[in-house]
C-alpha cells in the first residue's frame, strides 16, 4: 500500500495531570483554559498545523483513567490545530471485548478534529499507568490500529493512525519480536506512523557535550534496530510523541531550555534521513512547581502558568524549523 506523504507537525500535551512510576499526579492548581489557549497560540505562531495531545482510556471492568486535559475542545480554536488522540487500553483482565467498538466510536466522535490516533500508550513499558502493564496489550494494539484505520478511511478523515513505544534498553527484550509475530498485512497497511517517547538526560544522566550524539543514537536505533524486529517497513514514519526535561533542585530552568534546543534540533537534523514526521513536547505546565519529584516539573510553564525560559525556546524553534521541515 502506498503511504500518504505527511508534513512535519509540532505539538504539545497541554494538561497538568500526569503519571509517574507509582500512579497519577494531579496538578496542585486547576488548568486556566484562557491562559493555556494563549500559550498554545504563542507556540503555534504562524505554523499551519499544530497538535494538542489528549489522553483517553478504555476499561470495561474497572474505572478508566481520567481524560486529560479536561476541556481540550477550547484549545482547538486556531485553524489547522487538531487533536493528537491517545487511546489507552486499561482493561485489567486483558479481555478485548468492547475494545474495537470503543476505538471506532472515538474516531467517529472526534471526526474532523482528529489529526492522529495513537493506539495504546507505551505498550512496552511495564509501569502502573502505562499499557505495558496490562495483559493482552499486544493483541489490543494490533486490533486497535486496524479498527482505527478502518474507521478513519471509511469516514474519509485526514488523520494518521499509529502507536508508540519507549526505547529498548535490553537487546533481548521480547516486545518487538512478539509484535512482529502478530503484525499481519492488515496491521502493517493500517500503520501510518510509529511514535517514540524518550527523555534523554532525565532518568539516566547524559553530559551536555554528548546529548546530541545520544539523541541521534536513540533515533537511529529505533529506526534501524527496533522497528525491523517487528517487520515494520522503512517507509512508515517515526514521530516523537513525548519528549521533555524537568526542572527542579539541581535542574535549573536555563538548562531545560538548552536541552530542549539540542534535542529538537537533533530531531530536525535527522528528520529526512530517518523519516521523522513530527515532534510533541511533554508538557506545557508543571503539575507542582514546588514538588520534589522529577515528574512534578516537566512543564514549559510553572503551575501558575508563568513561563520558564524553555517556553520561548520552543516557540522560537517551531517558528524557525517548521517551514524547513515541511519541505522535507
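The values are calculated or read from the model by the stated rules, or taken from the named source; none is laboratory data. Since we're looking at a predicted model, the values are computed, not measured. Quick reminder, even Gly has a Cβ in these numbers, built from the backbone with ideal geometry, and neighbours come from all protein chains shown.
A few comments on the model shown:
- Filter result for residue 53 (outside any helix (DSSP H, G or I) and in contact with a strand residue (DSSP E or B) (Cβ under 6 Å, 6 or more places away or on another chain)): yes
- A residue that is at pLDDT 95 or above, touching a helix residue (DSSP H, G or I) at 6+ places or on another chain (Cβ under 6 Å) and within 20 Å of residue 289 (Cβ to Cβ) cannot be found anywhere in segment 67-85.
- Any hit, segment 84-99, residues being touching a residue at least 40 places away in the same chain (Cβ under 8 Å) and farther than 25 Å from residue 142 by Cα: no
- In the set 218, 194, 202, 169, only one residue is under 26 Å from residue 259 (Cβ atoms), under 21 Å from the mean Cα position of the chain (by Cα) and modelled with pLDDT under 95; that residue is 169.
- Residue within segment 93-103 that is under 22 Å from residue 240 (Cβ atoms), at pLDDT 95 or above and surrounded by fewer than 21 Cβ atoms within 10 Å (Cβ to Cβ) present: no
- Enumeration of residues in segment 287-324 that are in contact with a helix residue (DSSP H, G or I) (Cβ under 6 Å, 6 or more places away or on another chain), within 23 Å of residue 271 (Cβ to Cβ) and either in a loop (DSSP other than H, G, I, E, B) or at pLDDT below 95 (or both): 300
- Evaluation of residue 30 against (1) in a loop (DSSP other than H, G, I, E, B); (2) surrounded by 15 or more Cβ atoms within 10 Å (Cβ to Cβ) (one fails), failing number: (2)
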